[in-house]
Structures are given as C-alpha cells and as structure tokens.
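Engineer: Here you go, one structure.
The values are calculated or read from the model by the stated rules, or taken from the named source; none is laboratory data. Predicted model, so just to flag it, every value in this text is computed and none were measured. Because the Cβ atoms are built from the backbone with ideal geometry, glycine has one as well, and the counts that use them run over all protein chains shown. When the accessible area is computed, the model is the full protein with side chains, heavy atoms only, and any ligands, DNA or RNA have been set aside. Shrake-Rupley method; radii C 1.70, N 1.55, O 1.52, S 1.80 Å.
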Amino acid sequence: TVEVLRGPQGSLYGSGSIGGIYRVVPRKPELDRDRGYVTLSGALTLGGAASGVFEAMVNTPLKRDRIGLRVVGYHEVDGGYIDNVTLGRRNVNRTTRTGFRSALLAVLGPDWTAELGAAVQFICSADTQYATPSAGPYARGNLVREPHDNDFNQVHLTLTGQTRLGLLTSSTALVQHDVDSAYDASAARSAFSLPAAGTALLEDMIHIDLLVHETHLASRDDSRLRWLVGWYASASQERTLDLMHESGGPSSLAAYREDRKDHLRELAGFGEASYRLTPRLSLTAGLRYFRTSVRTASIVQMPRLGAERSFTGQDRYSGWSPKLALQYQLTSNSLVYGLASQGYRAGGFNTEGVIGETFSAPGGDHPARAFTPDALWNFEVGVKTALFDRKLQLRASAFYNAWKNLQTDQFLSSGLSYTANVGDGRNNGVEVEAAYKPVDSLTIQVNALVGGPELSRVNPGAVAFTDRGMPGVPGVLVGSSAIYRRSLGRGADLTLAGQAQYVGRSRLTFDANLAPVMGGHVVTRLVASLENERWRFAGSIANPVNIRGNTFAFGNPFSLPVERQQTPLRPLTLRLDLTAKF
C-alpha cells in the first residue's frame, strides 16, 4: 500500500520533510493460511531492448494464528533504449533490479505483536538515462560509459500493542546504503589539471549507515479527542569519495580526490491532537520540536598540483514545526477545511571544488562553505463533497506556499555541485480532483493543478536569475484515468484501465540561458487484465502514441554547459504479465 500525505508533514515525520510524504506500507504476514504467487513478465520497447520480470511471494503460518512469515523476491530487467553513437553501442541504459524482503510477525499476547523485517535490493544501471538532441532523440555521444549502482539493505523491529492510554508503536531500523556513480568528465579535463586531449571519468562513491528509532502513542479513534505523541531519534554516518582520473587509468592516480565524512544526529518530540469542538466543527493542532547536529570533515587533494585542502565544520539547528487545521462538516457528504503547516530541512556544509575555486556566493576570500536550513509554509483552504448518491466525489482547494531560504543545487565552473540558499520562493494556485461512478463497474477520475511558482527574493550573487519560475516545478499538472471492472462469472473478473497525465513546462535551473525547457508532454498507459482465484493475465501499453517528452533536462554536469541534455520518455512499450496464485 502506498499512502500519499499531502503538503508539508514536518510536524509528524522525520528529517527533511519539507513537502508531502509517500508512505509505503508493505503487506503484513497472514497468520491463518498458506498462500503465494509467481509472476512472469515480458516487455518489448520500440527501438529498444527487451525487458522482463520474475517475482515470487510465499506466506506461511509457522504457528497458526501466532507466528507468520512472508517473503518476496524479485528480479527485474529494464532493457535499454539509448544509443551511444561515439562508442557504437546500442541500448546502453539497461537497468536491473534484484532484491527480496521478508517479515516475521508474532502475536505476543491478546493485544501485542512484534514484527521483524529485512530488505535487500541491488539496482545496477549499465549507463545513464539521458540523451543529447544533437545525437538524436534516443542517443548521445559520450566518450566513456556512465554506470550507476544503488544498493541497500535494511532490518527493522516493530513492537505494537494496546495500553490503557492507547496504541503504542515502537520501531527501530538499521539501514546501509551504497550509491556509486560515474560521469564522463572529459569536457572538464582542464579544470582538474589534466591534459586537454583524452578522456576522463569522475567516480562518486557514497556509503551511508543509518540508525533510526521512533516511538509513538495514539489514542483510540472513537473518542471526541484524538491525539498522538511520540519521539524520534536518528544517527547517520556518510562517507563520500570522489575521484577524478583519466579513463582507463588507475583511480590511484586521480587528478582530484575528495574524502568526506558526515555525521548527522537528530532528536525530536512531536504530537498532534484533533478535537471535536461541536458535532460539526473539528480543530487539529500539531507541533514538532527538533534538534539536529551536523559534523563534516573533508580532505581535497590534487596530486598533480601538489596541493591539499582540508575542512572541518559543525553546526546545530533546532526549531519548531507546527500544523493547524480547522474542519467544518456542512452536511453528511460535504465539508470545508483550512490548513496551515510547515516543513523544514537542516543546513550543512559545502566542501567540493578544485583547490583555488570559490563558490558563486559572495563573502570575501573564503568560499561560501555553509548553507542554512530552509522552511516551507503551506496555507490551504478547500472543500470536499459527494453528490448524486455519492456517485460523484469532488475536492477543490486553493493554496499558497511560502519558501524561506530555499536550498538548491548549483554547479561550479568545474562541473562539481554545491548547495546554496538562493533566496525565497512562493507558489499559489488551485487544485481540483473529481471521481465519478456513473455505474458500479466504471470509475472516472480527473485531477488538475494550476500554480504560479516563482523565486520572489534573490540572495545577491547567488544565482543567474533570468527566469522567475521555480526550477523543476511546472505550473500546470493535469491527470485522468478510467477503470472498468466486470464480472464474467465463475470467479473471473475483467479490468480495463486507461491513464493520461499532462506535465507542464519548467526549467532545470534559474538560468534560462543555460537550462532548456523540460516537461510539456503527456504520459499515457493502457491496461487490460483477466483474473480469477488461481490466475491473472494482464497486458499493458505504455506511451502508446510514442511521445518523445523530455522528463528531465539533466544527465551530466560536466557537459551540461556545452550540450543540451534530455531524459526522454520510454518509447512505446508492450508488456505481458502472467501470475499464478496458490
């Protein structure tokens, strides 16, 4: 299950919750029956390589009604569809995803359960996903390949039980995460004191160890006053190793090397309460107090210059993240509401850059090493209603977002990135959602968002401010879907579905001279499935009209200043799925 929590969720959720939250809730083991499934999938992409998926799940009670185990394993191959015309390779951006997750659920008593879970996943991309229009809509001309690995493993223990005060949930998780990327840096060889001719590679290797704990207590849902209180703690250690060297040569002869270590600690206490002031009027208030400490140490070496630079920095941030909402029930099917909520992100330090290079922000001889926290306030008023015997459900809202000390990634002249507070931003607009069921078998959904994102105040010298829009934030989003379900008898069900979404235009950065427009395209998908208790057969067509939309105008920071980049939609893809259930 995937829950979408709108707007800033900083009053309840952990570090960095400046916007909405996607809350992924895996299925729990079933304690009363054995069940499972096996899924095989195959896909063909127009002009690209074939794809395939294998997935299996087994659920078994180890002790009926007391202990259950659920295990899921999968291996997925996404065939490539980007060609490298310089190296003479086709479909270079092949990606594989392999992993498993397991959960062991035990009933400890009448009102208490414990869950022990684990997850492992390995994502390997043989090359990056962008193209350059000069080489073709699905091609580029890199001098070297750009592989990417994203691997993590996680274990967690969750204890849940009813107390006299309410439902207690306590969870602890340990996560290890490795992200390794490589970029063709041949266009920036001179910035790193490498000979002008030849090829160069930047390797970026990140290892993260994270320990996180949260305990919260929630009241019963049937009371007039509903509340939740809890505390949160996290500790992470992150090591980043960047190496710039000649392609094909040993990384030990790097022209540029940065070894960076970050230690991040956060403690927070939070609470939220909702009270029915009258049978129709409810007030909700939430508050989170947080304390965050950051400690960074970095050593940059450039052996060809015989130069070295070290940096150490530490800082602490604390504050409050509030939420206030008012809801009035007009009728049994209609309500109006108002909401104000805040999200936040901690600050940190910049350590990248060749020796002697300064950031674009002013400040004397020393580069702008620190960036400060940013915070976003969301104000929203809206209405929800159901009409025509609840066949038509509507939600409409107007919002205003105020973003203070906005953090954004910028690029140095060498191509290395850093984080800067560029100023203040705002966005105001309207959002509408509608779901209509003319008959029980058909559901039609439509949603639209129209806003006016802009940078309202610019820090002097922070960015090349030639476009007032917010990078990566389109002013228009429109989506629609239709789902038709029909019983065919004998336990068989037919489902037909279609989806379409329009993503409006935006830019990659604030500099319109450098950043091309992205977005302005429609994403579509058609699905049909036939299912009974034992089998499921499904077919889908993604991008059926083969639109060449630019979903993201970025791929390589070193060649971006001299060559336009785009991440195209996957071409028309036909997929077939067969699932056997037992």
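Engineer: Could you grab the relative contact order for the chain? Cα pairs under 8 Å, six or more apart, rounded to a whole percent.
Structural biologist: Result for the chain is 10 percent.
Engineer: Quick check on the stretch 194-252: what does the Kirkwood estimate of hydrodynamic radius come out to from the alpha carbon pairs, in Å?
Structural biologist: Result for the stretch 194-252 stands at 16.4 Å.
Engineer: Now for a separate question. Calculate what fraction, in whole %, of the accessible area of the chain sits on carbon and sulfur atoms when a 1.4 Å probe is rolled over the protein chains.
Structural biologist: Summing carbon and sulfur atoms, their accessible area is 58 percent of the total for the chain.
Engineer: Something else: Taking the alpha carbon gyration tensor of the chain, what are the square roots of 5 times its eigenvalues, largest first, to the nearest whole Å?
Structural biologist: Ellipsoid semi-axes (Å, largest first): 41, 32, 27.
Engineer: Sort 417-429, 43-55 by the packing proxy (mean of other Cβ within 10 Å over each peptide's residues), most packed first.
Structural biologist: Sorting 417-429, 43-55 by mean packing, highest first, produces 417-429, 43-55.
Engineer: Quick check on packing: order 290-302, 328-340 by the mean number of other C-beta atoms within 10 Å, highest mean leading.
Structural biologist: Packing order, densest peptide first, comes out as 290-302, 328-340.
Engineer: Ignoring ligands, DNA and RNA, what accessible area per residue does the chain give at 1.4 Å, in Å²?
Structural biologist: Here the residues of the chain average 51 Å² of exposed surface.
Engineer: For the stretch 249-340, count the residues as N, evaluate 2.2 N^0.38 Å, and divide the Cα radius of gyration by that value, please.
Structural biologist: Rg over 2.2 N^0.38 Å, computed on Cα atoms: 2.09.
Engineer: Distance in nm between label sites at ALA448 and SER480, each 7 Å beyond Cα in the beta-carbon direction?
Structural biologist: 1.0
Engineer: Report the convex hull volume per residue for the stretch 177-222, counting only C-alpha atoms, in Å³.
Structural biologist: Once divided by residue count, the hull of the stretch 177-222 is 141 Å³.
Engineer: Per-residue counts of other Cβ atoms within 10 Å, averaged by peptide: what ranking do you get for 318-325, 530-537, highest first?
Structural biologist: Averaged packing, sorted descending, gives the order 318-325, 530-537.
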